[in-house]
Each structure stands twice: as structure tokens, then as C-alpha cells.
Amino acid sequence: MSYDRSVSAEQHALEPETVWHLQMPQIRFGRDAVEELGFQLGDLGVDEGAHGLVVTDENLAGIGHVDRVTDHLEDAGYDATVWKDVEREPSLEVVGECISFVRENEGEDGYDFYLGFGGGSCIDVAKTTRAVIANGGEALDYIAEPTGSGDALTESGPPLVLMPTTAGTGAEISPVAILSVEEQEIKEGISSNHIRADAAVLDPTFTTTLPPETTAKTAMDALGHAIEGYTTHPFDGLLRATDPQERPVYAGRTELTEMFSEKAIDLLSTNVRTAVHNGDDIEARAGMLKGALFGAIAGLTAGASLCHAMAYPVGNRYHTYHGETIAVLTPASTLGYNAASDPERFAEVSRLLGADTEGMGAREAADLAREEYVRLQRDLNVIPSGLNELAGITEDDIDWLASQTVETQQRLLRCNPRPVTEADATEIFRDALYNWE
């Protein structure tokens, strides 16, 4: 039995999972952690004099952050080439350009090490480039059928270090790289432990230059990871694979991921207002980056679910920011439709978000989570009020979005605590058009 079967399989066919697995990069966290970048590479076995590639974008190069990174690399005895052509919500074409750059400059063996520096887009391009160079071919070869060939990654390649400059995506520890397939208006993931980084260096001083809107958008993605990871299926409520290699990287929640989720929701919800309205507050910035890390450990191990599944068709068709899309979809999906799956658990989410649930029954308390989340968004004053304000989405667009969600995002819907039909998705998208007036 493989994971092709859903959790709604007939009872006689259901064999629950009995084993959970956690794999993480080395994690180095703290103010001025960039100063230990040379030590981190050495700890991964990268010799002095090695030649590496820094994958980043024009904005980070323009404000001097990239120079700060390359200066530390040079001081530690490393040679670094910078590729700064990453775009937001990167496409297969952009990844292909980075892979071609590597092959043209270093041949099929590529660089001695790779460093992804920036938001989730920069990090996912770095992850994919390193993996494809190590395994051969092109990125499309490793995207699941029918979009790609569905080939398995078998090699990790030279050391990869990831340095996030936003507190949100969790891409620095994720075993998935998300890419746009523009001609099909979809997003697809390359999912494998071989795409995961060897180390993540998280330095909150790089996040103080984030403008309020970007701070809020990325925070909502991080909060989405934490809440979705906290409310997804328990690992032993999913099906057991006959071969451990078939166990997916999104494998259900455990007691360990629940602890990270709880702390992440607390850190993010208590620090985001300060970080948005006073971006120079380094303590709030550190709390946000730590919350995003914890949320990713939880959500990207246990598994993102319905909200992320709905967000990918929206983002690919309308070119919206991922975190902003998560923000407008979470009230109707995770905190609306899914709340009926486990009222006690969602009541705890309400409490973690700061709601006073004293004297309430579980179902009533669970409904407060949506209310508290929307209050938080409105306090930030930079989040759209729904899909309509986000991208002009109307009733006429919903059928296509619902069908794309159900047809292309089963990898994520498999983890959702409630089964989702196309009719369900249609109603949830309709609910998400307006979160407040």
C-alpha cells in the first residue's frame, strides 16, 4: 500500500502509519549569525578556497545585504560568484536560467557549495539548482506526473546553506521547492529530502529592511504553516507506506510538531504588530524570525493543507504574493471550513491567538479563531480584505479556482483534516471573496 490512497479509504483497507520521521538542516540562529557563515561552511566540510554560488535577487544586492554576505565569505577564505536574477514566484524558466549559468561557468559538476540568500523565491531557486546539477537533466524531470516526468532525486549534491531575509516562507528548512509552470497556470513542487538544505543560518538583522507590507505578508504565511501544521491529521491517522522511501515529506502532526506550532502561533501573533509598525525593533524581528522557523518545522513536517492548496492556483493565475494569498484564504479555509473537524483543537488555536474563551463550549470557542485572526489582519492595516480586493477575483472566477485546487493539489489536500470536494472548494472560495466589509 502506498500513499496514493487517501485517508478516506475503506476501513478494511486502512493501515495506519506507526512511524514518524524528522529531518532538519543544521540551524544557526541569532543576531549577527552571518558572522559565523564561514564556520558553518567549514563544519559542512567545505575547504578554504572553495568556489560557491550565491543565489539572490537585485533588490538585496542593491541595498547592500549581498555584499555583507560575500564579505564574510571572502574573510573566511571562500570565493563566491553572485547570481541575482531571481524573480518573485519563480518560474521553471528562471530556474532553468540559473542551472544554465552554473553549467556554462562550472560545467556539469557545478560549484563547490551553494548559498540561497533572500525570500522563499531565492531559496527555492537555490535548492532546485543544486539538486538538478547534482542529478542531471532539468527541473521538470523531477516534478510529479502529469506535469513533469516524476523522476526521483537520488543525490543531494555539494553543501547548500540557506539564509532567509523574510520571516515567513520556511523554505530554509523545507524539503519542497515550489515553482510556477506558467503555460499551465499552475504551481508544482519538487518534493524530496534530497532538495533540503544542509544548513540554515537565520540572522534577524537582515529582516529590519523589510517594508511593513512585506513583513505582514510573510508573517501570514508563517502563521499559516503553524496553524495548518497544528490542525492537520495526526501522523497515525494517515496511511502507512510499505516502503519507508515512499513516506511523503508531509507526514502528519506529532507531539513534537505540536509543540513547535504552539510556540510559533504565540511568537508570531504577539510580535507581528510591532514588527509591522516599528520595523527597527530587533526583538520583535527576532521573535518573528524564530516564530517563522518554528512554524516551518511544524507545518512543513506535519504538512500544509487546504489553505495552501487553494493558494497555489490563485497565485499562479493572478501573480499574487504567496503570503498575502494565504492571509486572505485562511479565515474561510483553515479557520472556517476546517474548524468543524476538531472543535477542541481549534478552540486551542483561538486561545493561542489571544481570544478569551472562558465559559465557552468547544465549538463556540473554535469559531473565535477566525474572528481573532481577522482582527489581527485589520490591525496590521496592509492586508487585503479578501480575494476580491487582493486580485479582483469575483464569482465568475471561482469554478476554475476550485477545479484547479482539487485536480492539481492532492499532495496537500491529502493532509487536510476534512475531505474536500470541488463543490466544497467552490463554497470556500466564495466565502473568501470578502473577509470583512
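The values are calculated or read from the model by the stated rules, or taken from the named source; none is laboratory data. Computed from a predicted structure; not experimentally measured. Here the Cβ positions follow ideal geometry from the backbone for every residue, glycine too, while neighbour counts run over all protein chains shown.
When the residues of region 220-238 are filtered to those that are buried (at least 23 other Cβ atoms within 10 Å of the Cβ) and farther than 30 Å from Gln377 by Cβ, the one that is modelled with the lowest pLDDT is Leu238.
The strands (runs of 3 or more DSSP E) located wholly in region 175-246 include none with 1 or more residues which are out of contact with any Leu (no Cβ under 8 Å at 6 or more places or on another chain) and more than 29 Å from Val132 (Cα to Cα). Whenever a residue of region 356-382 is of a type in the set (Ser, Thr, Tyr), its partners that are part of a helix (DSSP H, G or I), lying with C-beta atoms within less than 7 angstrom and at least six residues away or across chains, give the pairs Thr357/Ala347; Thr357/Ser350; Thr357/Arg351; Thr357/Ala365; Thr357/Leu368. Filtering region 237-279 to residues that are of a type in the set (Val, Ile, Thr), closer than 17 Å to His21 by Cβ and in contact with a helix residue (DSSP H, G or I) (Cβ under 9 Å, 6 or more places away or on another chain) leaves Val249, Thr254, Thr257.
Only one residue in Gly237, Gly224, Gly229 is closer than 19 Å to Ala304 by Cβ and in contact with a His (Cβ under 9 Å, 6 or more places away or on another chain), so which one is that? Write out each step before concluding.
Working: Gly237 fails: in contact with a His (Cβ under 9 Å, 6 or more places away or on another chain); Gly229 fails: in contact with a His (Cβ under 9 Å, 6 or more places away or on another chain).
Result of the check over Gly237, Gly224, Gly229: Gly224.
All but one of (1) under 14 Å from Val201 (Cα atoms); (2) at pLDDT 95 or above hold for Met24; state the number of the condition that does not hold. Result: Met24 passes all but (2).
Can you work out which of the residues in region 317-333 that are of a type outside the set (Lys, Arg) and surrounded by fewer than 24 Cβ atoms within 10 Å (Cβ to Cβ) is nearest to Ser121 (Cα to Cα)? First the steps, then the outcome.
Taking region 317-333 first, the residues of a type outside the set (Lys, Arg) are 318-333.
Next, only the ones that are surrounded by fewer than 24 Cβ atoms within 10 Å (Cβ to Cβ) stay: 318-321, 331.
Numbers: Tyr318: 17, His319: 13, Thr320: 13, Tyr321: 11, Pro331: 25 Å.
Selected residue: Tyr321.
Residues in region 170-182 that are touching a residue at least 60 places away in the same chain (Cβ under 8 Å) and over 12 Å from Ala200 (Cβ atoms): Pro175, Val176, Ile178, Leu179, Ser180, Val181, Glu182. With respect to the conditions (1) surrounded by fewer than 17 Cβ atoms within 10 Å (Cβ to Cβ); (2) touching a helix residue (DSSP H, G or I) at 6+ places or on another chain (Cβ under 7 Å), Leu390 falls short on a single one, namely (1). Within region 301-327, residues that are closer than 15 Å to Leu223 by Cα and modelled with pLDDT under 90 reach partners that are of a type in the set (S, T, N, Q) and not in a helix (DSSP H, G or I) with beta carbons closer than 7 Å, at six or more positions or on different chains, in the pairs Gly303/Thr232.
Let's see how each residue does on (1) at pLDDT 95 or above; (2) crowded, with 16+ Cβ neighbours inside 10 Å:
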position: Thr18; (1), (2): no, no
position: Phe39; (1), (2): yes, no
position: Gly49; (1), (2): yes, no
position: Gly52; (1), (2): yes, yes
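Do we find that Val406 is out of contact with any Pro (no Cβ under 9 Å at 6 or more places or on another chain) and aliphatic (A, V, I, L, M) in this structure? Here the answer is yes, as Val406 does meet what is asked. The residues in region 137-157 that are within 19 Å of Gly110 (Cα to Cα), in contact (Cβ under 8 Å) with a residue 40 or more places away in the chain and not in a helix (DSSP H, G or I) can be counted, and the count is 5.
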